[in-house]
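Asker: Quick one: the structure is below, questions incoming.
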Amino acid sequence: MAIKINWFKLNRSLHRDIGYFCIGLTLIFAISGIALNHVDDWNPNYQVTQQQHFIPDINTKIDNDDFESWLLSELKLDTSVKARFWESPKKYKIFTKHNHTLLIDTQKNNVVIEQITPRFLLKSFNFLHLNEAKSAWTYFSDLYAAMLIYLALSALFMVKGKNGVKSLRGLLVLAGFCVPAAFVIIYSY
């Protein structure tokens, strides 16, 4: 006795279940993709903040042995110095253990505190999107891509007859190919 498989129902069930599984991944890749598309407008991994401070005594204190601890105290920064160097005869740079960069201009008695902090979740999303994890993530991403290919192709068979892909909806499928092709043609030549 042969088992009769209803391919239409099987396709719908698989499409539904694989689609549910892909929701979280799709959101992560989509959010990260938007962030990475605008890398020229902002840093998608880190938030950079700057504060400017005028400290009149800087040029007289910079040669003292306790200058760095004095400066951190003046700026109310509870951290210690990790590294330092003279960028030019009038500009001194200090890096702290809490990711501050102090840009000291001794001529203007000016200090700019720059702090770089990772963007919550977005840095992790970008890490995955750019496949910086490598290793097993590569194979999982390939599996995810295969599932998206299945979802795209199985969608063609979700609706039967005159309301399916053979109707005007087929033009939507064609448009999905034409839009990226147009961008490639326009921006490649």
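The values are calculated or read from the model by the stated rules, or taken from the named source; none is laboratory data. Please read these numbers as outputs of a predicted model, since none were measured by experiment. Every residue, glycine as well, gets a Cβ built from its backbone with ideal geometry; the counts of neighbours run over all protein chains shown. Side chains are part of the model used for accessible areas, which takes the heavy atoms of the whole protein and leaves out ligands, DNA and RNA. Shrake-Rupley method; radii C 1.70, N 1.55, O 1.52, S 1.80 Å.
Asker: Please list log₁₀ I(q)/I(0) at q = 0.14, 0.22, 0.23 Å⁻¹ for the range 26-72, using the Debye equation with identical point scatterers on the alpha-carbon positions.
Answerer: At q = 0.14, 0.22, 0.23 Å⁻¹ the computed log10 ratios are -0.58, -0.81, -0.85.
Asker: Length gain on complete extension for the stretch Lys134 to Lys166, per 0.36 nm per residue less the alpha carbon to alpha carbon distance?
Answerer: Details: separation 32, 0.36 × 32 = 11.52 nm, distance 4.10 nm.
Difference between extended and current length: 7.4 nm.
Asker: Of Lys93/Lys123; Lys91/Lys134; Lys76/Lys134; Lys134/Lys160, which pairs sit farther than 31 Å apart, going by alpha carbon to alpha carbon? Could you put the intermediate results ahead of the total?
Answerer: Details: Lys93/Lys123 26 Å; Lys91/Lys134 40 Å; Lys76/Lys134 41 Å; Lys134/Lys160 41 Å.
Check vs 31 Å cut-off fails for Lys91/Lys134; Lys76/Lys134; Lys134/Lys160.
Asker: Moving on to the next point. Using Cα pairs closer than 8 Å and at least 6 residues apart in sequence, work out the relative contact order for the chain, in percent. Before the final figure, lay out each step's value.
Answerer: Details: 178 pairs, mean separation 46.1, N = 189.
Once normalised by length, the contact order is 24 percent.
Asker: With only alpha-carbon atoms in the gyration tensor, what are the semi-axes of the equivalent ellipsoid for the range 123-169, in Å, largest first?
Answerer: Numbers: eigenvalues 239, 24, 6 Å².
Over the Cα atoms of the range 123-169, the ellipsoid semi-axes are 35, 11, 6 Å.
Asker: Calculate, for the chain, the solvent-accessible area per residue in square angstrom, rolling a 1.4 angstrom probe over the heavy atoms of the protein chains.
Answerer: On the way: 13800 Å² over 189 residues.
Accessible surface, normalised per residue, equals 73 Å².
Asker: Separate question: Using just the Cα positions, wrap the range 98-189 in a convex hull and report its mean projected area in square nanometres, one decimal place. Present the calculation step by step, with values, prior to reporting the outcome.
Answerer: Working: hull surface 51.3 nm².
Answer in nm², one decimal: 12.8.
Asker: Shifting gears a bit: What span do the alpha-carbon atoms of the chain cover on each of the three principal axes, reported in whole Å from largest to smallest?
Answerer: In descending order, the Cα extents are 94, 45, 24 Å.
Asker: By per-residue mean of other Cβ atoms within 10 Å, what is the highest-first order of 67-80, 154-167, 94-107?
Answerer: Descending mean neighbour count gives 94-107, 67-80, 154-167.
Asker: Starting from the Kirkwood radius over alpha-carbon pairs of the range 64-104, derive D by Stokes-Einstein at 37 °C in a medium of 0.692 mPa s and give it in µm² s⁻¹. Don't skip to the answer; put the middle values down first.
Answerer: Working: Rh = 10.4 Å.
Value of D from the Cα-based Kirkwood radius: 315 µm²/s.
Asker: Testing the spin-label approximation: label points 7 Å from Cα along Cα→Cβ at Phe183 and Phe54. State their distance in nm.
Answerer: With each label placed 7 Å out from Cα toward Cβ, I get 4.8 nm.
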